[in-house]
Every structure is written in structure tokens, then in C-alpha cells.
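Below is one structure, written out as C-alpha cells; the observations come after it.
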Amino acid sequence: MLEIKNLHVKLEEEDKQILKGVDLKVGPGEVHAIMGPNGSGKSTTSYVMSGRDGYEVTEGEVLLDGENLLEMEPEERAAAGLFLAFQYPVEIPGVGNMTFLRTAVNAQRKARGEEEMSSTEFLKEIRAKAKSLKIDSDMLKRPVNVGFSGGEKKRNEILQMAMLEPKLCILDETDSGLDVDAMKLVSDGVNALRDGKRSFIVITHYQRLLDHIKPDVVHIMSNGRIIKTGGPELALEVEHNGYADLLAEVEGA
Ligand code: ADP
Ligand code: MG
Ligand code: MG
């Protein structure tokens, strides 16, 4: 499904190497968690995958179902099935949430050579999905994320994800700033999208999110590389002991 091979990335503006050989393989239907200290390159990895400006790939590749994502335009990556839920969802004043979603869904269908969704079909689908995420019709009509609370923004991102039905979803600290109820809603939304084929990368600082979204594999990232990979117990270990012991163990090795 996803294969990141020896990914090296530096900033375009300055001579600063941020990713120093990231390797990651995610199989169909798997949920992988990435944890790690601040500044270790977790967000950079997802930005580079989505095609954000400002980064230069100096070595390595990123394959989604065998296709090199790094050679695609950002909208082609979305059409190929990549979805990124951002740490800080963007506000789009003047564009209604529903209009935005309909445009996104149809742009993706078009890029895949599929027929547009009819308005009736779209309405039926968005209402059902919004309902399960406790998003009311008022929130669907308001401009994208404008004046939304933190929890509403996150729920809205899960709605986008549900409507776009991606192959690979990356959630970058989707749990930050969420209270327990909102976190449960977001997790339930993600779990509802798990289907044995769709894969997830969940970037988080907190084990508690992983109580709800149970990962198959947990990776620890530090200083631009994945330094340790394990099962769910690795997240518990980090929760109890912090990163210091792990980092020392790896550096000492
Ligand atoms: P994480 O998500 O693990 O906290 P990031 O990927 O956000 O880490 O950042 C990794 C490192 O790269 C940090 O040292 C950060 O300051 C630096 N960095 C990332 N993007 C930029 C940028 N656009 N300009 C300057 N420094 C950046
Ligand atoms: Mg950070
Ligand atoms: Mg980050």
C-alpha cells in the first residue's frame, strides 16, 4: 500500500536537513501510529507526502500502490487516494462547507475518470455521514471551519475524510486540543472508516488516542528518522517512561 524508502528532506529556503532516511511500510487496512518528541519530523513527513511547498526531497521515494507520489501534483495525490487531516485545519472564508465538500468530491471523481455525484446522491450521503459525526446542518452551511471550535474543526475533517473515501489517511495530531468527548467522536469516526483495505497513519503525542484507535504498529520518530518500531505496547512504554530512555538506548546501541 504505502512504502516510504530512505526519505531525505531538507528545507528549500535554508540548508537544513529535516528527514534523514525515513523508512516506513504500511499494508492495506493497517493502522500505524507515529509518536516522537516535538521537532522530530513527523509533520514534515506528512507535508512532503501531500506535496506542500518549501521542502526538497534529496533522496528516497514514497510509493502509494506502487506509484511514486513525489512525482504527482498535490491534487493528483488526493485522486490517488491520499488524505491528510491537518494539525491546524484551514479556514476558508466565503466558501460554504457543503459546497467545498461537493467540489472536492467531484474533482476527485473527475481526476479518477468517474462520473460526478448527483446532488441528490451527495445530499443523502453527506447528511448521513454528518449525522453520525454530530455535525448539524448549520455547520454544513457555514464557511469552511470559520468560527468552528477546535472540536468542530476536527469533526469536520473526519467528515471530509468520510466523503472522500481515501485509501490512506494521515491524521496529524488530530487529538490535540480535544476534550474526551470530542476525541471519542473523532475516534469513532475513524474506526467507522476502517474496512480492512483503507490504511491509516496516526501521528500523536498521546497514548490515550490509541486506546480508541487501536494501532497495529507503533513507530517512534526522532531527529528525522524512525528509531524504533513495535506493537501497541510501545506506545504504553512511551506513556510511562517518556522518550529519554528510548533515545538513550538507540544512541547507545
Ligand atoms: P514534528 O511534527 O515531529 O513536531 P516537524 O516536522 O514539524 O516536527 O519539524 C521538524 C523540524 O523541522 C523542526 O526542527 C522544525 O523546526 C523544522 N521545520 C519544519 N518545517 C520548517 C519550516 N518551514 N521552516 C523552518 N523550520 C522548519
Ligand atoms: Mg510538533
Ligand atoms: Mg507536528
### Task
Give the residue, chosen from Pro28, Pro89, that is part of a loop (DSSP other than H, G, I, E, B), in contact (Cβ under 8 Å) with a residue 24 or more places away in the chain and within 16 Å of ligand 3 (Cβ to nearest atom).
Pro89
## Note on the structure
Checked region 31-54 for anything within 19 Å of Asp216 (Cα to Cα), within 13 Å of ligand 3 (Cβ to nearest atom) and touching a helix residue (DSSP H, G or I) at 6+ places or on another chain (Cβ under 8 Å); matches are Ile34, Met35, Gly36
#### Entry: Single unsatisfied condition, Ala107 versus (1) in a loop (DSSP other than H, G, I, E, B); (2) more than 19 Å from Phe86 (Cα to Cα)
(1)
### Query
Out of curiosity, is His32 of a type outside the set (Ser, Thr, Tyr), crowded, with 18+ Cβ neighbours inside 10 Å and away from ligand 2 (no atom under 16 Å from the Cβ)?
yes
### Task
Run Gly94 past the list (1) farther than 30 Å from Arg127 by Cα; (2) at pLDDT below 95; (3) part of a strand (DSSP E or B) and report the number of the one that doesn't hold.
(1)
### Query
Taking region 100-126, which residues are without any contact (Cβ under 8 Å) to a residue 40 or more places away in the chain and surrounded by 14 or more Cβ atoms within 10 Å (Cβ to Cβ)?
Arg102, Asn106, Ala107, Arg109, Ala111, Met117, Phe122, Leu123, Glu125, Ile126
### Task
For region 72-85, state whether one or more residues are among the aromatic types (Phe, Trp, Tyr), within 16 Å of ligand 2 (Cβ to nearest atom) and either in contact with a strand residue (DSSP E or B) (Cβ under 7 Å, 6 or more places away or on another chain) or at positive phi (or both).
no
### Task
Go over the candidates Gly54, Gly81, Gly94, Gly39 one by one and state the one that is of a type in the set (Gly, Ala, Ser), out of contact with any Phe, Trp or Tyr (no Cβ under 9 Å at 6 or more places or on another chain) and either without any contact (Cβ under 8 Å) to a residue 24 or more places away in the chain or more than 30 Å from Met139 (Cβ to Cβ) (or both).
Gly39
## Note on the structure
Per the filter on region 31-56, residues closer than 17 Å to Leu69 by Cα, of a type outside the set (Gly, Ala, Ser) and part of a loop (DSSP other than H, G, I, E, B) are Arg52, Asp53
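Where in region 139-233 are the helices (runs of 4 or more DSSP H), entirely inside, with at least 3 residues that are under 13 Å from Leu84 (Cα atoms)?
On the way: elements: 150-164, 180-193, 207-212.
Once the helices (runs of 4 or more DSSP H) in region 139-233 are filtered for at least 3 residues that are under 13 Å from Leu84 (Cα atoms), what remains is 150-164.
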### Unique residue being over 21 Å from Gly27 (Cβ atoms) and either of a type in the set (Phe, Trp, Tyr) or touching a Pro at 6+ places or on another chain (Cβ under 8 Å) (or both) when the list is Ser222, Ser176, Ser199
Ser222
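The values are calculated or read from the model by the stated rules, or taken from the named source; none is laboratory data. Note that the structure is predicted; figures quoted are calculated from it, not measured. No Cβ is skipped: glycine too gets one built from the backbone with ideal geometry, and neighbour counts run over all protein chains shown.
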